[in-house]
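Let me begin by presenting the structure, written as structure tokens, before commenting on it.
What follows draws every value from the coordinates through simple rules; no lab data is involved. Just so it is clear, the structure is predicted and the values come from calculations on it, not from any experiment. With ideal geometry, Cβ positions are generated from the backbone for all residues, glycine too; neighbour counts draw on all protein chains shown.
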Amino acid sequence: MSPKDIARCVELEQVLFPDDDPWTEVSFRSELAGPHNRYLVARTETGRTVGYCGVALLGTDAHPEAEIHTIGVDPACHRAGIGTLLLLAMLAAAGERGGPVFLEVRTDNAAAIAMYERHGFHIIGLRKNYYQPSGADAYTMRRPALTGSIVSEVLA
Ligand SMILES: CC(C)(COP(=O)(O)OP(=O)(O)OC[C@H]1O[C@@H](n2cnc3c(N)ncnc32)[C@H](O)[C@@H]1OP(=O)(O)O)[C@@H](O)C(=O)NCCC(=O)NCCS
């Protein structure tokens, strides 16, 4: 993701997260400026941006961890594997340092939860009223650190 992608990502946010304070241009600029954040977009062959995601690489060299901050795909392109590609790209970035990966997801977001579970995430906690202004609850999910051959497979 570069600054020129932000307007389109703001447009997608408003469609994808209408009830939960969708990110603004300021939010995306701040996230892009974070030195430990990795932001990516998915584009069609014609150059249209149809998805975006971001992960923060946190912790220390001895105890690294990562936190997925966002992921979204244009509803016109759902269920075509784009979300999976974005998620795998974030897991690959996290895998370069190692450590567990965390995220929050609305408890009623069955589609996203299914995708995360397919990629090794497990629910480890519940955060009441996490999303605003909807007041929706969130699960915290965690994917354990990968080791050995599993890392090679994810990065391949
Ligand atoms: C979650 C999201 C990013 C998935 O993107 P996508 O491109 O449709 O995902 P994929 O096509 O790669 O699907 C991956 C898996 O997710 C699950 N999934 C996706 N959509 C689903 C749905 N409507 N119902 C049930 N499972 C679903 C399935 O397990 C799917 O694998 P399968 O198609 O082989 O069964 C997309 O639905 C989205 O943008 N949702 C709104 C934003 C959002 O909720 N982001 C997550 C915030 S935590």
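Tabulated data for the structure shown
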| read-out | value |
| --- | --- |
| Number of positions in the stretch 30-67 that are small (Gly, Ala, Ser), free of Cβ contacts under 8 Å to residues at least 24 places away in the same chain and under 16 Å from Glu96 (Cβ atoms) | 2 |
| In the stretch 78-105, the residues that are within 11 Å of the ligand (Cβ to nearest atom), touching a helix residue (DSSP H, G or I) at 6+ places or on another chain (Cβ under 9 Å) and not polar (S, T, N, Q) | His78, Arg79, Gly83, Leu87, Leu88, Leu103, Val105 |
| The stretch 100-115 residues that are within 17 Å of Ile82 (Cβ to Cβ), paired with ones that are assigned to a helix (DSSP H, G or I) and among the hydroxyl-bearing types (Ser, Thr, Tyr) (beta carbon under 9 Å, 6 or more apart) | Met115/Thr84 |
| Any hit, the stretch 45-65, residues being within 13 Å of the ligand (Cβ to nearest atom), closer than 24 Å to Ser2 by Cα and aliphatic (A, V, I, L, M) | yes |
| Among residues of the stretch 67-92, those that are within 24 Å of Glu45 (Cα to Cα) and crowded, with 18+ Cβ neighbours inside 10 Å, counted | 11 |
| Matching entry among Thr70, Thr140 (being touching a residue at least 40 places away in the same chain (Cβ under 8 Å) and within 15 Å of the ligand (Cβ to nearest atom)) | Thr70 |
| Residue count for the stretch 1-23, restricted to those that are part of a loop (DSSP other than H, G, I, E, B) and within 15 Å of the chain's Cα centre (by Cα) | 4 |
